[in-house]
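Have a look at the structure below before the remarks.
The values are calculated or read from the model by the stated rules, or taken from the named source; none is laboratory data. All of these numbers come straight from a predicted model, not from anything done at the bench. Note that we place each Cβ from the backbone using ideal geometry, even for glycine, and neighbour counts take in every protein chain shown.
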Amino acid sequence: MRLSKEVEVLPGSPNTLIYQGRAVVDLGGKNSSVDVNAELQLATHGHMDHIAGLLKNSKRKFIPKEDLWALSLMGRRVMTYGFSSKDSSLFTFDLIKDSISIEPGDSEVEVVKLPGHTPGHSGYILGDTLYAGDAFFGKKVLEGFVFPFYLDFWQAMESLEKLRDIAKGVNNLVISHGPIQEAKKMRELLEYNLEYGAKLVKWVKEEISTPSTAEQVVVRVMRRLGAKISPANVFLNEIVVKSILAQVGRAEVGDDGVIFVSN
Ligand SMILES: [Zn+2]
């Protein structure tokens, strides 16, 4: 889909941005095999589904330095699931088995730090377009996962506030997992994500009115919304819920492990 003379987006999950036919952001997922002759490959962060471009031949490759853990399979697992286990089939999200070697350097694009999803997660401004990666998500993605995957939920919310200001000054706003729409609609989606985040905090708080483990909170909130629950989903969401609980609850150790109670 062409957004302007200079900007094209290949729909996918992630959506891949191509700027002036020479700079590519977040080549991954089903777009991994697309052959674009890119001078510059940029990854917003180190997750497996965003970094296929770093395996391609191109003059320059860039990933935020805080996400250099992405260069090894173990690093990617630990930063996604919180742990790794060699040869386990649990890690269905591993799309790339290789290790990657890159030499991150400077680039002419403007890097916007948007931490939360990962430590180094960054957006890129190319001309009048801002590619915001996994700073926020489409409504269907939120419905499916229930919790947006943020390693630090609170930092992610701050990043969204920052993004809200920056988004006013661009003509195109693109995210990785969600619809490709005009900037006005995307700014509305950003607001929706902020409101949704506030709702999640409220639901998590309600669940610890009876003392509960983070895992119990995850399952109950997911059931409440009628979401499909798998062990892998619970692992992922538990990370986000722990990040939320660490600020809104008090942790105690009981027979079932760490129990959170209302502050
Ligand atoms: Zn990601």
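Scan the range 198-206 and tell me whether some residue there is touching a Phe, Trp or Tyr at 6+ places or on another chain (Cβ under 7 Å) and either more than 16 Å from the ligand (Cβ to nearest atom) or under 20 Å from residue 243 (Cβ atoms) (or both). Taking every residue of the range 198-206 in turn, at least one turns out to be touching a Phe, Trp or Tyr at 6+ places or on another chain (Cβ under 7 Å) and either more than 16 Å from the ligand (Cβ to nearest atom) or under 20 Å from residue 243 (Cβ atoms) (or both). Among the residues making up the range 44-61, those that are in a helix (DSSP H, G or I) and more than 10 Å from the ligand (Cβ to nearest atom) are 52, 53, 54, 55.
Kindly evaluate residue 152 against the criterion of being charged (D, E, K, R), within 16 Å of the ligand (Cβ to nearest atom) and at pLDDT 95 or above. Here the answer is no, as residue 152 does not meet what is asked. Inside the range 166-185, residues that are assigned to a helix (DSSP H, G or I) and either in contact (Cβ under 8 Å) with a residue 40 or more places away in the chain or over 19 Å from residue 150 (Cβ atoms) (or both) make up a count of 4. Please work out which residue is nearest to residue 77 (Cα to Cα), limiting yourself to the range 218-263 and to residues that are within 19 Å of the chain's Cα centre (by Cα) and among the charged types (D, E, K, R). The selected residue is 238.
Just checking, which of 10, 95, 17 is among the hydrophobic types (A, V, I, L, M, F, W, C), more than 16 Å from the ligand (Cβ to nearest atom) and in contact (Cβ under 8 Å) with a residue 12 or more places away in the chain? Talk me through it step by step, then tell me what you get.
Details: 95 fails: more than 16 Å from the ligand (Cβ to nearest atom); 17 fails: more than 16 Å from the ligand (Cβ to nearest atom).
Matching residue, one of 10, 95, 17: 10.
Mind listing whichever residues of the range 118-149 are of a type in the set (A, V, I, L, M), within 13 Å of the ligand (Cβ to nearest atom) and within 14 Å of residue 26 (Cβ to Cβ)? Selection gives 132, 135.
So that you can scan it fast, the table gives a plain yes or no per residue for (1) crowded, with 22+ Cβ neighbours inside 10 Å; (2) farther than 28 Å from residue 222 by Cβ; (3) not charged (D, E, K, R):
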{"residue": "144", "(1), (2), (3)": "no, no, yes"}
{"residue": "148", "(1), (2), (3)": "yes, no, yes"}
{"residue": "157", "(1), (2), (3)": "no, no, yes"}
{"residue": "165", "(1), (2), (3)": "no, yes, no"}
{"residue": "173", "(1), (2), (3)": "yes, yes, yes"}
